[in-house]
Amino acid sequence: MNLKTTISIMFAGLLGAGFAQAGVGVTADLGTTGVGAHLSVPLQANLNVRVGINYLNYSYNSSTSDVEYDFKLKLRTFDALLDYYPMDSSFRVSAGLVYNGNKIDAHGKPSGTGTYTLNGHTYLASSAGTVDGAIDFRKTAPYLGIGWGNAAKDSGWGFSSDIGVLLQGAPDSSLTNNGCTAPAPVCAQLATDVAAENVKLSDKVHSFKAYPVIRIGANYRF
């Protein structure tokens, strides 16, 4: 059973328990992990378990030294966290594991003259085809952070926040060319140059290995 399935089962079970016992809270939040919903259940007086889901699609433009890209960031995470409250307040220290379904789709854009320049070589986009790729991350990622709010203790409505980091590791990039109709030697050189461009793309996204998590939200205790 993978982590995603385990967290989904935990979430469903805790959600059912949430309506059957007091001291269980739900949180709706928004932040760098997207739009999210979390369920908090007390384990001890100063310790909660928190599970949740986060989702968002976001498109943006960026470039390497050679190619401009349309990027589509797809945020898909499932959290399984422990919240520890070291003081008699709503301040918490959080740690846990996250199923990390985050990925980035990349679509290379031809220049204004209808060409690609890859590894010092210029190709007509009309015969070179498309340059597309994907950037994937480690599926199981640890999370460490601090925050404010105790959805399982605060009476009625309350405020929640998280500041932390998702340690998702160095991403893997894969860039491919499809639909090349140029002569075979040109297509072969293009494949070599696309592989060289993939190295540049990998360097471009290398900093994403530690993903910042900032969330704010509202919680309600049942």
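The values are calculated or read from the model by the stated rules, or taken from the named source; none is laboratory data. Computed from a predicted structure; not experimentally measured. All Cβ positions, even for glycine, are placed from backbone atoms using ideal geometry, and neighbour counts span all protein chains on display. Ligands, DNA and RNA are stripped out before the accessible areas are found, and what is left, the full protein with its side chains, is counted by its heavy atoms. Shrake-Rupley method; radii C 1.70, N 1.55, O 1.52, S 1.80 Å.
Check 164, 129, 149, 169 and return the single one that is over 19 Å from residue 68 (Cβ atoms) and touching a helix residue (DSSP H, G or I) at 6+ places or on another chain (Cβ under 9 Å). Don't jump to the end; show me each part of the working.
Numbers: 164 fails: touching a helix residue (DSSP H, G or I) at 6+ places or on another chain (Cβ under 9 Å); 129 fails: over 19 Å from residue 68 (Cβ atoms); 149 fails: touching a helix residue (DSSP H, G or I) at 6+ places or on another chain (Cβ under 9 Å).
Within the list 164, 129, 149, 169, the selection yields 169.
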Inset, instruction - Restrict the check to the stretch 60-73 and report whether at least one residue is part of a strand (DSSP E or B), in contact with a Phe, Trp or Tyr (Cβ under 9 Å, 6 or more places away or on another chain), among the small types (Gly, Ala, Ser) and under 16 Å from residue 166 (Cα atoms). - result: no
Within the stretch 33-59, of all residues that are modelled with pLDDT under 95 and outside any strand (DSSP E or B), the one nearest to the chain's Cα centre (by Cα) is 46
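Could you run through the stretch 66-75 and say how many residues are touching a residue at least 40 places away in the same chain (Cβ under 8 Å) and open to solvent by 10 Å² or more (accessible area, probe 1.4 Å)?
If we filter the stretch 66-75 for residues that are touching a residue at least 40 places away in the same chain (Cβ under 8 Å), which is where we start, we get 66-69, 75.
Those left that are additionally open to solvent by 10 Å² or more (accessible area, probe 1.4 Å): 66, 68.
So the count comes out to 2.
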Within the stretch 33-65, residues being open to solvent by 30 Å² or more (accessible area, probe 1.4 Å) and more than 30 Å from residue 108 (Cβ to Cβ) number 8
* May I ask you to verify whether residue 93 is of a type in the set (A, V, I, L, M, F, W, C) and modelled with pLDDT of 95 or more? => yes
